Amino acid sequence: MLAFYCKTNEELAEMQQMAARAGVAYSSTLSVETTTHLVSSRTAGDRITTANKCSIPIVTVQWLQELCSVLELPLLPTGSGTSSTSSASSNSSASGSPAILPTNTTS
């Protein structure tokens, strides 16, 4: 189950729509028991700290866009922070893994 950490309500709505179209469960809360990934447009904050402490992978919005691309779902129109014009493959690492935010190793 995905959880989201966004800069704006519009961005949150766009991510929720993408997840719903991809058939992926999501929640408005970050839960150690149920959250599999934190999709975040932010690089710092309470949810980032909690996800790092609980070893929950933190992924970028582009990761969710790549998921839609792999499932051959149309991306949403350009909005506040999510872009339908960016290539999903350009957001992957050299090994082809989805874009993942680096974890903070300092306490």
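The values are calculated or read from the model by the stated rules, or taken from the named source; none is laboratory data. This one's a predicted model, so the numbers in the text were calculated from it and none came from an experiment. Ideal geometry is used to build each Cβ from the backbone, glycine not excepted, and the neighbour counts take in all protein chains shown.
Results, tabulated for the structure shown:
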{"item": "From the options Thr43, Thr82, residue that is out of contact with any strand residue (DSSP E or B) (no Cβ under 7 Å at 6 or more places or on another chain), modelled with pLDDT under 90 and not in a helix (DSSP H, G or I)", "result": "Thr82"}
{"item": "Complete set of residues in the stretch 46-60 that are exposed (fewer than 13 other Cβ atoms within 10 Å of the Cβ) and either assigned to a helix (DSSP H, G or I) or within 15 Å of the chain's Cα centre (by Cα) (or both)", "result": "Asp46, Thr49, Lys53"}
{"item": "Residue in the stretch 20-40 that is surrounded by the most Cβ atoms within 10 Å (Cβ to Cβ), counting only those that are assigned to a loop (DSSP other than H, G, I, E, B) and of a type outside the set (Val, Ile, Thr)", "result": "Leu30"}
{"item": "Filter result for Thr36 (of a type in the set (Val, Ile, Thr) and within 13 Å of the chain's Cα centre (by Cα))", "result": "yes"}
{"item": "Residue, surrounded by the most Cβ atoms within 10 Å (Cβ to Cβ), within the stretch 1-19, restricted to residues that are in a helix (DSSP H, G or I) and more than 13 Å from the chain's Cα centre (by Cα)", "result": "Glu10"}
{"item": "The stretch 45-70 residues that are of a type in the set (Gly, Ala, Ser), paired with ones that are surrounded by 20 or more Cβ atoms within 10 Å (Cβ to Cβ) (beta carbon under 6 Å, 6 or more apart)", "result": "Ala51/Leu38; Ala51/Ile58"}
{"item": "Filtered residues of the stretch 24-43 (kept if free of Cβ contacts under 8 Å to residues at least 40 places away in the same chain and over 12 Å from Ala3 (Cβ atoms))", "result": "Arg42"}
